[in-house]
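What follows is a single structure, written as structure tokens, with notes after it.
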Amino acid sequence: MSNIAGKAYAMNVITPIRWYKVWINRLIFKIALSKPSTLKGLVTLSLIHYARWVIIPRDGFPHLDSSQPKENLNYAYMLFFSNFNGSWDQYVDSFTFAIPAGLDLFWKWNVRYPKSVPLSPFHKYIRHNQIDTSHYYNAYPMAASNDVKSAKKLKQALINFNAESASKTSEEFLADYNRLLNYLQHDFGEMRATPIVSLAAHAVKERYLKSHAAH
Amino acid sequence: MTQNLELTDIQGNIVKAYGAFNFTKARYLFLRIDNGDKGREFVGAVTTKVTSAVRWEKNSMPVATTNIGFTFSGLQALELPTASLMGFPEEFVMGMKGRKDILGDDGPSDPMYWDKIWQETVHIWLSINGQSIEAVDERYQWILKQIEASDGGVTLLTGHRGEKDEDNLPYQDASVLYDAEGKPTPKEHFGYTDGIGDAVFEGQTNIQARVLGRGKLTRSGHWEPLATGEFLLGHVDEAMDYPQTAPTPKLLAHNGTYMVYRKLHENVGSFNRFLDEQSKVFPGSKELLAAKFSGRWRDNGAPVVNAPDDASKAEWDKNYAAADFAGQKKMLIDFTYNDDIDGAKCPISAHIRRINPRGSLEYGVKDAYERPGALVDRRRILRRGLPYGKVKDPTRDDGNHGIIFMALNADIKRQFEFVQQQWINYANDFKEGNDKEVLLGNHDAKNPGKVVFQVEKGSGKAPHFVNNIPRLIEARGGDYFFIPSITALKMIAGGIVDPT
């Protein structure tokens, strides 16, 4: 079990919400989606691969087979699903410091949500409602979300440059090349292994590698 | 909100940087406790000389100060109750060696190469700061007497590296560096002016003059002192919370804090060679390049964001010379990177921009965060310490010279360790991938890294690449210490700590 794979951390938080208040949350999500400026804090944080909020109504949990007992739930639930870069502390703290009002807006109607400030009740709330990840696969363990964004920008710029530079004189080529470097000057970060943000997660990984090397 | 600190209760090194008060010399001692009863008695004796944070008038300034702190195993050896011990945070319990993978202490910084003293079990840190070496020595002799009087209760540990590369000294000396005329300077061995932008928090004195550029940036562009709880346990912090790193009972933690002690060797030869080589391909003077590494010019600490080339530096110097004392201070500390989000003036990887990005992690997206420094205000540390040793041959790395780095913070993991790992040895928050900060980064000799010095966006100019960065700083020792209040020291010494 680990919530960490390379530079990514998987967080699943499922919190109860009174079924008759669900519509308020749906409305808030709708407004947030239609007004991107409400998410500019989240976007600027730039440590998120994906984040998604989903409302699961009381009768919305999957019922896969007739042998599965029917549930009678008191609450609807809000599932928050996120893949981000860095440690749990870094992520949760960044959220609280940077966008406390946004957090409160999304979670406000959830049962026993303590508000994001002060920090420790919020920490406890998230921890209490977090579902740990049993299996987590990351195809690009060295790529943070920023690395992906930079790589995409760099790739496209190179393709364009290549197409446009073929017939240029060497002076023009140099001027274009410098312009290219200028355009990409914030996208040259080296991509290497993640710093070890959790000694426990690191030890789990080391043990796994050791046991697999032995077999 | 104004806060009156209980200055008689707080250890002086937390609130004051002694170096700013003409204490040019320091000596650091490390001890092991061999007997709980006698060890507590020793702590009690030393406590009578512990320097508090009380304000000094000109005629009441002591010639020497003394401060004390304990590792986790030190507190165990002093027989604190288990319930109290269990209240200390993980990183403090593990100690600095146990955190090497977090701190990036690998290769030549690996704890196995540290001074011999760090192969021992360290329990107590004792510091003496003095206005002269004689004052330091006098206090040292007094401490030796207390050690003797402890009758085997505590042992002074030897094993600090000395001038002859033998790890045989019973203490670590540190001192300001002197210029050619013998005047004390604020320099370290690479030639940089050090200790300018230390954090300022609520309750310190003379806040108005000091808070510029050193506190927290408000939405309206003003500076306010950081919350006391960022640096002192038992006080409200920037998250409107009490630091969660405080042990019980309350009185054990209240007005105390945590200290990081690190002996950092400076590879002066590598630095000089690197600077020479890089300046051959750098479009600008060698001093400008050195300034871009750190974010401040070496000679007077001018912030490169306000003096981004040789011409503007000459102008800055002229204004600096014409300014009064307060004006000069302001020129050194009162700046942001708001007009330099792209890093064309001060590179995003410059030392002072990495360790304190001010409002720049908002990337010019106005009102993106609750406050411009929302990601910064919980990552600040108080910097203490002095250089040690002398550079005998500026072409060589070996020898015994560097910085005794000390950082004070309420939460070592959230503050010091975060900055060290995420902002010095890594750069995702700066959108620079794994690029390490030039001066302090744990650069890998086999696979040396680079940084980019950005230029004006849209100028058509190529940014400058600084390649093949060698490891310029190596850790040579250190640990994490709890710095109790004077009340807590008396409780520990009296054996009356009781969390029930």
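The values are calculated or read from the model by the stated rules, or taken from the named source; none is laboratory data. Small disclaimer: the values here were computed from a predicted structure and weren't measured. Here Cβ is always computed from backbone atoms with ideal geometry, including for glycine, and neighbour counts include all displayed protein chains. Protein only, heavy atoms only, side chains kept; ligands, DNA and RNA dropped before computing areas. Shrake-Rupley method; radii C 1.70, N 1.55, O 1.52, S 1.80 Å.
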* Asked: Label point 7 Å out from A:F81 along Cα-to-Cβ: which residues of segment A:99-132 have amide N under 19 Å?
  -> A:107, A:129-132
* Among B:K431/B:K457; B:K25/B:K390; B:K16/B:K490; B:K187/B:K390, which pairs are too far apart, with a Cα-Cα distance over 18 Å? -> B:K16/B:K490
* Sum up the charges of everything whose Cβ sits under 14 Å from the Cβ of A:N85, counting Lys and Arg as +1 and Asp and Glu as -1, but leave A:N85 out. => -1
* Taking 0.36 nm per intervening residue step and subtracting the Cα-Cα distance, what contour gain separates A:L105 from A:A151 on full extension? -> 13.2 nm
* To do: Determine which aspartates and glutamates satisfy two conditions relative to B:K280: a Cα distance under 20 Å, and not lying fewer than 8 residues away in the same chain.
  => B:D309, B:D310
* Got a sec? What order do B:H160, A:H128 fall in by accessible area at 1.4 Å, biggest, i.e. largest, first? -> A:H128, B:H160
* Structure fact -> The summed charge of the B:G364 Cβ neighbourhood (under 12 Å; Lys/Arg +1, Asp/Glu -1) stands at -2
* Asked: To the nearest 10 degrees, how steep is helix A:119-129 against the longest Cα principal axis of chain A, on a 0 to 90 scale?
  -> 70
* Structure fact -> So the FRET efficiency between B:K318 and B:K183, C-beta based with R0 = 22 Å and rounded to 0.05, is 0.45
* To do: Take A:Y75, B:Y480 and sort them by solvent-accessible surface of the protein heavy atoms, 1.4 Å probe, largest at the top.
  => A:Y75, B:Y480
* Structure fact -> Here the gain from full extension of A:L73 to A:L209, 0.36 nm per residue of separation minus their alpha-carbon distance, amounts to 44.8 nm
* Structure fact -> With every protein chain in place, the accessible area of A:F173 for a 1.4 Å probe, in Å² rounded to the nearest 10, comes to 80
* Each label point is 7 Å from the Cα along the Cα-to-Cβ direction; what then is the distance between the points at A:S120 and B:D165, in nm? -> 5.0
* Structure fact -> Whole-number value, in Å³ per residue, for the convex hull of the alpha carbons of segment A:4-131 is 120
* Rule-of-thumb Rg ratio for segment B:117-208 [Cα; 2.2 N^0.38 Å; N residues] -> 1.42
* Report the accessible area of A:K108, computed with a 1.4 Å probe over the heavy atoms of all protein chains in place, in Å² rounded to the nearest 10. => 130
* Structure fact -> Expected integer from the mean partner chain Cβ neighbour count at 10 Å over A:197-207 is 2
* Structure fact -> Ranking B:E224, B:E202 from most to least accessible area with a 1.4 Å probe gives B:E224, B:E202
* **Estimated inter-spin distance, A:L39 and A:H63, nm [label 7 Å along Cα→Cβ]** => 3.3
* Sequence neighbours fewer than 8 away in the same chain don't count; with that in mind, list the aspartates and glutamates whose C-alpha is under 19 Å from A:K7. => A:D89, A:D93, A:D132, A:D147, A:D187, A:E190, A:E206, B:D101, B:E417, B:D429, B:E432, B:D435
* Asked: Tally Lys/Arg at +1 and Asp/Glu at -1 over every other residue whose Cβ is under 14 Å from the Cβ of B:V136; what's the total?
  -> 0
* **Cα-projected label distance for A:H128 with A:L158, points at 7 Å along beta-carbon direction, nm** => 5.0
* Sites B:Q119 and A:L199, calculated FRET efficiency, Cβ-Cβ separation with R0 25 Å, nearest 0.05 -> 0.70
* **Contour minus Cα-Cα distance for B:T155 and B:M61 (0.36 nm per residue)** => 30.8 nm
